[in-house]
1. Most exposed first by the Cβ proxy, i.e. fewest other Cβ within 10 Å, how do Phe211, Phe330 rank?
2. Stretched out fully, how many nm does the piece from Leu45 to Thr308 gain, at 0.36 nm a residue minus the Cα gap?
3. Ranking request for peptides 46-53, 321-328: highest mean number of other beta-carbon atoms within 10 Å first, then the rest in descending order.
4. Percentage of Cα-Cα pair distances in the stretch 272-358 greater than 23 Å, rounded to whole percent?
5. Fewest to most neighbouring Cβ within 10 Å: what's the order for Tyr159, Tyr167?
6. Order of Met298, Met114 from fewest to most other C-beta atoms within 10 Å?
7. Considering the zone a paramagnetic label at Val325 would reach in this model (a point 7 Å from Cα along the Cα-to-Cβ line), which residues of the stretch 263-293 have amide N under 19 Å from it?
8. Can you figure out the FRET efficiency of Val82 with Asp300, using R₀ = 51 Å and their beta-carbon distance, to the nearest 0.05?
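What follows draws every value from the coordinates through simple rules; no lab data is involved. What you see is a predicted model; the values in this text were computed from it and never measured. Cβ: placed from backbone, ideal geometry, glycine included. Neighbour counts: every protein chain shown.
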Amino acid sequence: MTGAVVTLSATAPSVSRSVLVIELPIVGQLFATPTGRWLGTLAVLVGVLAGSWAIRQTGRWLRTHYDPRGTLLEAVQAALIVALSGSAIVAVLTIWEATAEATAISEVLDPAPMTIVRGLVSVFLLVGAWGATVFAKRVTGLLFEEHDAFSRHQHEVTYHVLQLVLYSLAIVVGLAVWGIDPSDILLGAGFLSVVIGLAARQTLSSVLAGFVLLFGRPFDIGDWVAIDDREGIVTDVSVFNTEIRTFSGEFVTIPNDVVTATGLVNRSRRGRLRVDVEVGVDYDDDVERARELATETMRDLGREEIRTHPQPRALLTGFGDSAVVLELRFWIDEPTARRRWAAQTAVVAAVKQAFEREGITIPFPQRTLGGRPPGLQVQSETPRGSPDEDQDR
């Protein structure tokens, strides 16, 4: 017989279960030996890997040409990979002729139909909550990008709140499906909550701090901030962590409880930033003339480099070891690290040229050595044991 033989066999009448046994003579001939079965299993694994790769590559191509966001494609890809994995399991069981053992295991487990239904409903609830959060993120993202109805910070707050609400609702409904009263869990979870709170206090602290940051808004995404010893641009704020991109291109993830516990400096909050640069003026030069010249030079730079209002100023702030300290203060618009560095470069170059033109010296460190009156006394002594002493003796 060259075709496939399908046999439907039933067990005892008390068990309403049918077992579908598929006999494939060709498969039996190919995988009759252990070597053939191992080769067949290897072929199945290679097929799964190749199929997964093909699914991902196809999804990437479709995302590039048709769906840049790829929300639906990701769900289809996941479903195809799950189906491919299930087919691989069936194929391996068939190769090793283990379908009877799998059926025996299922008979031992013997899940009730209602249990299967509840399990499927629970899975659908979680998948539905995940899909709803993805849809909510997409909608708020479209509002932010196209209609400018939300700021980026409001977009993150809205998404995380909806995510929490949807998953909480799915969990509550799932408990109800299994016949569990959520109030009973809350009443009996006192001791468990204490244990979990002690074990995960750091994580809970980060979550609470995350909501404080999301609703308090000490900074927005895209702001230039300094947190502890880290400085950079805020790229993401979640309920657990805050992510910043440093000026060296590194992405640093900082727990939210660290952000709220340490000093936070937001350099972009007001839309302008004051920059201070110190320069030394020789003690022998006219420091007042140097101060006026530095102020005039900064004012002549114009709005391309620095703000004209508030006006730049030069202040005498102290006495250095080798010079009188002159502090140059000026403001920049829409502060970024690049604008600050560009403004500093322009101011330092312009002030140095102006000082050189007017003959004002920027001194280097110097030391003056001098003795106190009546000066250093040097006295000569005849060493003990000299030839003269030996001769007198």
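1. Details: Phe211 15, Phe330 26.
So the ranking, lowest neighbour count to highest, is Phe211, Phe330.
2. Working: separation 263, 0.36 × 263 = 94.68 nm, distance 6.93 nm.
Stretched fully, the Leu45-Thr308 segment lengthens by 87.7 nm.
3. Working: 46-53: 13.4, 321-328: 17.8.
By packing density, highest mean first, the sequence is 321-328, 46-53.
4. On the way: 710 of 3741 pairs.
Across the stretch 272-358, Cα pairs with separations above 23 Å total 19 percent.
5. Values: Tyr159 21, Tyr167 16.
So the ranking, lowest neighbour count to highest, is Tyr167, Tyr159.
6. Working: Met298 25, Met114 8.
So the ranking, lowest neighbour count to highest, is Met114, Met298.
7. 274-285, 287-288, 290-292
8. Working: r = 69 Å, r/R0 = 1.35.
For Val82 and Asp300, the calculated efficiency is 0.15.
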